[in-house]
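What follows is calculated from the coordinates using simple rules that are stated; it is not laboratory data. All of these numbers come straight from a predicted model, not from anything done at the bench. FYI the Cβ positions are ideal-geometry reconstructions off the backbone, even for glycines, and counts take in every protein chain you see.
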Amino acid sequence: MPAAKVLQKGALTLVMSSIALLLLFPIVITFTNSLMTGQEIDIDYGSIGQMNETAAGKAIPFVNLKLLPDQVSLEQYGKVLISSPRYLAMFWNSVWLVVPIIAGQTLIAALAAYALSKLKFRGRDTLFLIYLLTMLMPFQVTLVPNYIMADKLGLLGSSNAIIL
């Protein structure tokens, strides 16, 4: 491989790795900060929204971002998972609703993708256009028709209405 090609590939790898690290940074900060004690969170992030004076006399917001906590603590997880069981109930309720929705959408999308890409039939392009337009519609446009359909099927007030 020519040297220029190796250099170009190395530069591209460096740029893409830097972008990946930049995008992963908030997730890493969130996870490591979840291991802080409540007092450390108050000390480090209690000043959010307050202004600090600089040498130039201009006020700037200041946040003390820390990659690693001073003292590792699972106190926050204990508060959420043990002290407040409502959180776990809401979490499992979300899982109960999301898993069938994702499974159904994946199945329907895979079958539609296969049919629209491999099978030749009359009206295929029109059907594909309708499929695309339906996906591009905002949720608010389909809200009333979905409500009417759930009402006619007798699903109002049940989780099946949301899943459908």
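Just to be sure I understand the rule: take each whole DSSP H helix in the chain, project its Cα atoms onto its long axis, keep it if the span is 20 Å or more and its mean Kyte-Doolittle hydropathy is at least 0.0. Which ones pass? It would help to have the intermediate numbers written out before the result.
Details: long enough: 3-33 (43 Å, 1.51); 85-118 (49 Å, 1.08).
Correct list, ordered by number: 3-33, 85-118.
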TODO: Kindly state, to the nearest 0.05, the FRET efficiency for Lys9 paired with Leu67, given R0 = 25 Å and r defined as their beta-carbon distance.
DONE: 0.25
Task: Per-residue [θ]222 nm for the chain (sum of -39500 (n - 2.57) over DSSP H runs n ≥ 4, rounded to 500) - done: -22000 deg cm²/dmol
Task: Reported label for calculated Rg and Dmax of the Cα atoms in Å given (1) 23.1, 84; (2) 16.1, 52; (3) 25.7, 73 - done: (3)
Open item on the list: Quick check for you: which residues of the range 92-119 have the amide N under 18 Å from the point 7 Å beyond the Cα of Ala161 toward its beta carbon?
Closed with: 94, 97-98, 101
- [ ] Could you pull out the longest piece of the chain with no exposed loop trypsin sites (Lys or Arg not before Pro) in it, calling a site exposed if DSSP puts it outside H, G, I, E, B and it has at most 10 other Cβ atoms within 10 Å?
- [x] 59-119
- [ ] Take the Cβ-Cβ distance between Ile29 and Arg122 as r, set R0 to 45 Å, and report the resulting FRET efficiency rounded to the nearest 0.05.
- [x] 0.25
Open item on the list: If I model a spin label at Met90 and Leu132 as a point 7 Å from the Cα along the Cα→Cβ vector, what separation in nanometres do I get?
Closed with: 4.0 nm
